[in-house]
Amino acid sequence: MQQVAVEPGESATVATRPSALRVVAVASGKGGVGKTNVSANLAIAFGRQGKRVWLLDADLGLANVDVLFGLSPRLSLFDVLRADHSLADVVLDGPAGVRIIPAASGVEELTALGAADRLRLLGLIDTLEPQPDVLLVDTAAGISPNVLFFAAAAADVLIVVTPEPTALTDAYALMKVLAARHRRREFLVVVNMAAGSADAHSAFVRLARVAERFLHVRVEYQGWIPYDDAVARAVRAQLPVVLASPHAPASVAFAQLAQRLGGRPAATPTGGVQFFFQQLVGEARS
């Protein structure tokens, strides 16, 4: 059993599993950078590599992962947290074997879950069957308590930025809070909607230099996704672009991103849902 600190003075004991699992929280400092699109397409790309993938929509109050897949969930995490239904009742089957855990949209109660509800949700996720190889967590944008909770808990945090200065500034703010409050010392970065490799790399360098200098963290470049009209067409068709236009430049880039992430050494420690190996909210003092 693993003891997990949730907030100062609060802890809970949860069961862990012996097998390794890659848990990636996909986050962004601001909205509009294509974070959910990255999550959805990355899930399909991992699925096509033969991995068992679960995608958790952790934008709990303004969920839209299901929209990108053209799905209409009858139930959501809101029904689970109200104890009206089990987690198995709300799970949706997506393409490429991806299993989707939908959240709710327009439900204010989910935007600021208490520590007990967050921990209960993580405990439910630990019961997923079949156990995934990859659990992707699509967080909300910004630095809300829910975002910080999931980003602090995941083994890896993939921060989505665009070359815009506002996106980089807000990404730095997210990294700053996670580093100061939760002692996160490594961040993965992907540059979305870039005009080219030079544009993307320049944006990454600007962010990494400031973060490494002032936050004393390691920032690792995971590549870039080009600005591609095929993505907008796919969104309108409510399909991930890797399905709607598998040979489009963006689709190729998503496949490369999944290959790169999948080839990284597993974040330590491993085993079971890696959420339960992190000291969560309250392990660091702001």
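Can you pull out every residue in the stretch 1-42 that is polar (S, T, N, Q), part of a strand (DSSP E or B) and modelled with pLDDT under 50?
We begin by selecting, within the stretch 1-42, every residue polar (S, T, N, Q); these are 2-3, 11, 13, 16, 19, 28, 36-37, 39, 41.
Cutting the leftovers down to part of a strand (DSSP E or B) gives us 2-3, 11, 13, 28.
Once the filter is applied, which keeps residues that are polar (S, T, N, Q), part of a strand (DSSP E or B) and modelled with pLDDT under 50, the stretch 1-42 yields 2, 3, 11, 13.
Of the listed requirements (1) surrounded by 16 or more Cβ atoms within 10 Å (Cβ to Cβ); (2) touching a Gly at 6+ places or on another chain (Cβ under 8 Å); (3) touching a residue at least 60 places away in the same chain (Cβ under 8 Å); (4) not hydrophobic (A, V, I, L, M, F, W, C), residue 226 misses just one: (3). Residues of the stretch 146-184 that are in a loop (DSSP other than H, G, I, E, B), at pLDDT below 95 and within 17 Å of the chain's Cα centre (by Cα): 154, 155, 184. On the stretch given as the stretch 229-241, residues that are of a type in the set (A, V, I, L, M, F, W, C), in contact (Cβ under 8 Å) with a residue 60 or more places away in the chain, within 19 Å of residue 48 (Cα to Cα) and in contact with a Leu (Cβ under 9 Å, 6 or more places away or on another chain) total 1.
Please indicate, with yes or no, whether at least one residue in the stretch 85-103 is more than 18 Å from residue 65 (Cα to Cα) and at pLDDT below 90. Yes - at least one qualifying residue is present in the stretch 85-103. In this structure, residue 47 does satisfy being closer than 23 Å to residue 249 by Cβ, in contact with a helix residue (DSSP H, G or I) (Cβ under 7 Å, 6 or more places away or on another chain), modelled with pLDDT of 90 or more and not hydrophobic (A, V, I, L, M, F, W, C). Residues in the stretch 70-89 that are buried (at least 20 other Cβ atoms within 10 Å of the Cβ) and either touching a His at 6+ places or on another chain (Cβ under 9 Å) or without any contact (Cβ under 8 Å) to a residue 40 or more places away in the chain (or both): 73, 76, 78. When 167, 151 are checked against the criterion of being touching a residue at least 60 places away in the same chain (Cβ under 8 Å), under 25 Å from residue 262 (Cβ atoms), out of contact with any Asp or Glu (no Cβ under 7 Å at 6 or more places or on another chain) and among the small types (Gly, Ala, Ser), a single residue qualifies: 151.
The values are calculated or read from the model by the stated rules, or taken from the named source; none is laboratory data. Quick caveat: nothing in here was measured; it's all calculated off a predicted structure. Note: ideal-geometry Cβ built from the backbone for every residue, glycine included; neighbour counts use all protein chains shown.
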